[in-house]
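Single-structure report; data block below.
The values are calculated or read from the model by the stated rules, or taken from the named source; none is laboratory data. Worth saying up front: this structure is predicted, and the values here are computed from it rather than measured. Note that each Cβ is placed from the backbone with ideal geometry, even for glycine, and that neighbours are counted across all protein chains shown.
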Amino acid sequence: QVQLVESGGGLVQPGGSLRLSCAASISISSINTMGWYRQPPGKQRDLVATVSGGGNIVYADSVKGRFTISRDNAKNMLYLQMNSLKPGDTAVYYCWALRRASYWGQGTQVTVSS
């Protein structure tokens, strides 16, 4: 069983930055792949970025060059640095981990608005 707790969401103006954090209840060195997904209002949940234990990273085309995913195995933390935010980035952001099964955090709201 893996528990994931996100933090760092909030309201930001277009062009601004936010850093999301995800704390895991177990050593993430035992978790193969972790990532971030997001669900805009009234839409499906989609992939934002994933990172494997070996360091392979995948980004959605819509966030390439603006978002950076990273993991700190020593602290059991996953991060998402989001720069140049746009109103279209408004969504609930979920932390995800794959370790024999999929695990999800409760989500954190990110709102980009002037």
ask   = Looking at (1) at pLDDT 95 or above; (2) among the charged types (D, E, K, R); (3) within 22 Å of Arg99 (Cβ to Cβ); (4) touching a helix residue (DSSP H, G or I) at 6+ places or on another chain (Cβ under 9 Å), can you tell me which one Asp72 breaks?
value = (1)
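Are there strands (runs of 3 or more DSSP E) fully within segment 1-84 with at least 3 residues that are crowded, with 17+ Cβ neighbours inside 10 Å, touching a Lys or Arg at 6+ places or on another chain (Cβ under 6 Å) and not polar (S, T, N, Q)? List them. Let's see the steps before the verdict.
Details: elements: 4-7, 10-12, 18-24, 33-39, 46-52, 57-59, 67-72, 77-82.
Per the criteria, no element qualifies.
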inquiry  = Just checking, does segment 6-19 include any residue being free of Cβ contacts under 8 Å to residues at least 60 places away in the same chain and closer than 18 Å to Val110 by Cβ?
reply    = no
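Determine if segment 74-90 includes at least one residue that is touching a Pro at 6+ places or on another chain (Cβ under 9 Å) and of a type in the set (A, V, I, L, M, F, W, C). Please lay out each step first, then the result.
Here is the first cut: in segment 74-90, the residues touching a Pro at 6+ places or on another chain (Cβ under 9 Å) are 84-90.
Then keep just the ones that are of a type in the set (A, V, I, L, M, F, W, C); that gives 85.
Within segment 74-90, one or more residues are touching a Pro at 6+ places or on another chain (Cβ under 9 Å) and of a type in the set (A, V, I, L, M, F, W, C).
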